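Structure, as structure tokens:
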Amino acid sequence: MTETIPAGFEPHFRKSPFTDPWEPLYSKRTEKAVALGLRLATPHTNSRGLIHGGLIASLADNAMGYSCAQATGWTVRLVTINLSVDFVGSAQIGQWLAVECEVIRTGNTLCFAQSLIKADDVVIARANGTFRVVPKKG
């Protein structure tokens, strides 16, 4: 059975050794943000069969960082200086997990973002991130 991918999501534009085990990852880019998504599977679970909180936190961190980069026209690099995640629900294998972001403020030294993490459109977590803006060299 082929699982459908929600409209607007395409194979993720950036690869990383850290996220390779979670592939396939998908992203949806807008003018102001980048959403990440994936179909949940066994490699995304903890020993109790629940979707691992570390996966949720990592995807939120990535999506908010990409969203800050999108909001600044990809002219800077960003590093996370604070990440906060509140878990308010759980997700099951087979559900579509999406991290939807909003950039709150960009500045010369800091960028602030927030996100809602949803499983089949039901909020299971929220996250806030603060990112240090590092100008690109050259």
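Listed values, structure above:
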read-out	value
GluC sites (Glu not before Pro) within the stretch 15-103: DSSP coil, no more than 12 neighbouring Cβ in 10 Å	E31
Cα-only radius of gyration and Dmax that characterise the stretch 7-52, units Å	12.2, 39
Estimated [θ] at 222 nm from DSSP helical runs (n ≥ 4, -39500 (n - 2.57)) normalised by residues in the chain, nearest 500	-4500 deg cm²/dmol
The chain: most fluctuating residue of I51, I124, I81 per GNM, C-alpha cutoff 10 Å	I81
Sparse-neighbourhood loop sites, chymotrypsin sites (Phe, Trp or Tyr not before Pro) in the stretch 1-70 - DSSP loop, at most 16 other Cβ within 10 angstrom	F13, F18
From the coordinates shown, Cα Rg over 2.2 N^0.38 Å corresponds to which of (i) 0.92; (ii) 0.98; (iii) 1.03	(iii)
Electrostatic dipole magnitude of the stretch 3-126 [Cβ: Lys, Arg +1; Asp, Glu -1; Cα centre; debye, to 20]	240 debye
Two-site label geometry, D120 and R14: point separation in nm, points 7 Å out along Cα→Cβ	3.1 nm
Cleavage-rule hits (trypsin sites (Lys or Arg not before Pro)) in the stretch 1-69: DSSP loop, at most 13 neighbouring Cβ within 10 angstrom	R14, K15, K32, R48
Cα-based helix-to-principal-axis angle, 53-71 vs the chain, degrees rounded to 10	40 degrees
FRET efficiency estimate (nearest 0.05) - Cβ-Cβ, E31 to K136, R0 30 angstrom	0.90
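Bear in mind these aren't lab numbers, they're just calculated from the coordinates by the rules spelled out. No experiment lies behind these values; they were computed from the predicted model shown. Positions of Cβ are generated from backbone atoms using ideal geometry, with glycine treated the same way; all protein chains shown enter the neighbour counts.
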